[in-house]
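Here the structure comes first, spelled out in structure tokens, and everything after it is commentary.
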Amino acid sequence: MTNQRIPTLAVSTPRKPEVVIHSNDAQIQSQTADIFYEAGDYFEAMKSYQRAIEIDPNSGNYEKWVESLEKLDKNTKHKAIENLEKRLASKPEYVHAYFSWGLALHSRKNYAEAIEKYQKAAELKSDYVRAYDGWGLALYDQTKYLEAIEQYRKATEVQPDDAFAYNGWGDALYAEQKCAEAIEKYQKAIGIDPNSGNYERWVECLDKVDKNTK
């Protein structure tokens, strides 16, 4: 039995690699994509990032894939997304992939699209707490505070010790000028994880409530 060697990537010009590696190794595909991306060849970068994601949907570089997509024309973008959705639809265990996709969109302030992916993750796995966390934050970032509270509430129902959700819930209540209720949520978050609480707003709310009771 001969040892199989993984091919390495050679670069002949600053524009693009000399060869495209057809490998079933997600890491190699991702490295190939990085080279295309740095060379400014966003179409080839997108294809390689997508190959990596399709090989291992739960650990692909969705952020770079989304960045590459946004530099391409609408039809190419639509086709790439359609192909990936077909791939993800084949196996429900790819729930984390939808969350990662949502995060990538969220980081670029594509809130509506991010929420679609968080929602899909929650539909596939109703106790996937990170989907509700992301969903709540995307709503909060759009100043939809009451809707955000609903998602944070769901997160804490799934995972009662979700400090992130309690802290986000507190922020949403703070934004709604409901300091007394916000204090309760901030303290809950701090009690679970002392490093997670929004201490500045917690103290501010304590001062406001104290002044109002005098």
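Every number in this text was worked out from the coordinates using simple rules, so none of it is lab data. These numbers were taken from a predicted model, which means no experiment stands behind them. Here the Cβ is made from the backbone with ideal geometry for all residues, glycine too, and neighbour counts use every protein chain on show.
Counting only the backbone N, which residues of segment 28-55 are under 16 Å from the spot 7 Å out from the Cα of residue 73 toward its beta-carbon?
Residues passing the 16 Å test: 42-44.
What Kirkwood Rh does the chain have if only Cα atoms enter the pairwise 1/r average? Answer in Å.
19.4 Å
How do the peptides 97-107, 175-185 rank, highest first, by the average count of neighbouring beta carbon atoms within 10 Å per residue?
Those peptides, ordered most packed to least, come out 97-107, 175-185.
Within a Cβ distance under 13 Å of residue 202, other residues only, what is the Lys/Arg minus Asp/Glu net charge?
Computed value for this residue: -3.
Classify segment 108-192 as rounded, prolate or oblate, taking a ≥ b ≥ c as the square roots of the eigenvalues of its Cα gyration tensor: rounded when a/c is under 1.5, otherwise prolate if a/b is larger than b/c and oblate if not.
Oblate, because a/c is 1.5 or more while a/b does not exceed b/c.
On a 0 to 90° scale, report how tilted helix 26-38 is relative to the longest principal axis of the chain, with both axes built from alpha carbons and the result rounded to the nearest 10.
Its long axis makes an angle of about 90 degrees.
How big is the Rg/Rh ratio for segment 59-121, C-alpha atoms only, Rh by Kirkwood, two decimals?
Taking Rg over the Kirkwood Rh, I get 0.94.
Please rank 141, 127, fewest neighbouring Cβ atoms within 10 Å first, as an exposure proxy. Write out the running numbers ahead of the final one.
On the way: 141 13, 127 10.
Fewest to most other Cβ atoms nearby, the residues stand as 127, 141.
In nm, to one decimal, how far is the modelled label at residue 193 from the one at residue 181, with both set 7 Å along Cα→Cβ?
2.4 nm
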